[in-house]
Amino acid sequence: GELKHYEQMSENLPVQFSSFTAMQTSVNSVEIGWVTQTENDMRGFYVLKSETEDLASASRFSDLIPASNTVSAHEYVCEDKEVEPNKRYWYWIEALSMSDNSTVTASQSVVLREFEDPEEEVPEFALETGLADVYPNPFNPPVNISFFMDEESVEQNEKAEIMIYNVKGQEVHRRDLGIKSASGMYTISWNGNDKEGKECGSGIYFVKFTAGEHSSFKKSIKLK
């Protein structure tokens, strides 16, 4: 792909991401998926890839993936077969507007595991439905919230939801994550604003995840 230096930009583009995942699907294949909530006047997306977590080392791995420019959720999937076992890869999504302004998401990384039989499916990870990580922590917005949905939760159509509370126990943000059609790790981001769109103050916040009877908390610190 074309080698280019990227910077994570704070400019607000007319696109809102609700999830971004990178998962190993076979011994030499990674599936990169993302969901946008709304798009307007977008040209499309590139998947960026690197063998280090430094965005400046990333290059465009995919061709331009045309934007849907819909006001409802839209799911995108891209497959990477140019990977090797026992290596870690980092991926980003570059969103490009019609006026050629671009912004880059936070990264997702995946370590490829090696299997004796190249055709062997990736074994199920012994993970249960719940919060996986809140990062970076402490954070300057946005903050990434990762959660895992196991097979049982998916089969039972458990609806996932994230709530964020301040130290007084007041709910400042709520995100309906809906019902997931596949098990795996999902990531959303929070821009640090409350329900009215106002920026929350610095301090300690509690992230609560629920799905069916599953419930888990993590503490996060917002910097000024």
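Each value in this text was obtained by applying a stated rule to the coordinates, not by laboratory testing. Keep in mind that what you see is a predicted model, and the values were worked out from it rather than measured. Cβ placement follows ideal geometry from the backbone for every residue including glycine, while neighbour counts extend to all protein chains displayed.
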remark   = For segment 130-222, the charge dipole (Cβ of Lys, Arg +1; Cβ of Asp, Glu -1; about the Cα centre) points to a positive end, and the Cα of Gly169, Gly203, Phe217 closest to that extreme belongs to Gly203
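Past the 23 Å Cα-Cα mark, which pairs from Lys87/Lys222; Lys168/Lys224; Lys198/Lys222; Lys159/Lys218; Lys168/Lys198; Lys49/Lys219? Can you show the working numbers first?
Working: Lys87/Lys222 33 Å; Lys168/Lys224 18 Å; Lys198/Lys222 14 Å; Lys159/Lys218 19 Å; Lys168/Lys198 17 Å; Lys49/Lys219 30 Å.
From Lys87/Lys222; Lys168/Lys224; Lys198/Lys222; Lys159/Lys218; Lys168/Lys198; Lys49/Lys219, over 23 Å: Lys87/Lys222; Lys49/Lys219.
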ask   = Quick one: putting +1 on the C-beta of Lys and Arg, -1 on the C-beta of Asp and Glu, what dipole do you get for the chain around its Cα centre, in Debye to the nearest 20?
value = 1360 debye
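Evaluate E = 1/(1 + (r/R0)^6) for Thr70 and Lys208, where r is the Cβ-Cβ distance and R0 equals 30 Å; express this FRET efficiency to the nearest 0.05. List each step's numbers first, then the result.
Working: r = 30 Å, r/R0 = 1.00.
So the FRET efficiency works out to roughly 0.50.
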task = Obtain the nm distance between the two label points defined at Lys81 and Gln156 by a simple spin-label model: each point lies 7 Å from its Cα along the Cα-to-C-beta direction.
result = 3.9 nm
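When the expected Rg is taken as 2.2 N^0.38 Å, what fraction or multiple of it is the alpha-carbon Rg of the chain? Before the final figure, lay out each step's value.
Numbers: Rg = 17.8 Å, N = 224, 2.2 N^0.38 = 17.2 Å.
Dividing the Cα Rg of the chain by 2.2 N^0.38 Å gives 1.03.
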ask   = Which residue fluctuates the most in the chain, going by a Gaussian network model with Cα springs under 10 Å, if the choices are Met98, Met23, Met163?
value = Met98
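With only Lys, Arg, Asp and Glu charged, each at its Cβ (+1 for the first two, -1 for the last two), find how big the charge dipole of segment 15-111 is about the Cα centre; round to the nearest 20 debye. Don't skip to the end; give the middle numbers.
Numbers: 6 positive and 14 negative charges, 18 e Å.
Rounded to the nearest 20 debye, it is 80 debye.
Would you mind classifying segment 15-111 by shape? Square roots of the alpha carbon gyration tensor eigenvalues, ordered a ≥ b ≥ c; an a/c under 1.5 is rounded, otherwise it is prolate if a/b is larger than b/c and oblate if not. It would help to have the intermediate numbers written out before the result.
Numbers: a/c = 2.26, a/b = 1.67, b/c = 1.36.
Prolate, because a/c is 1.5 or more and a/b exceeds b/c.
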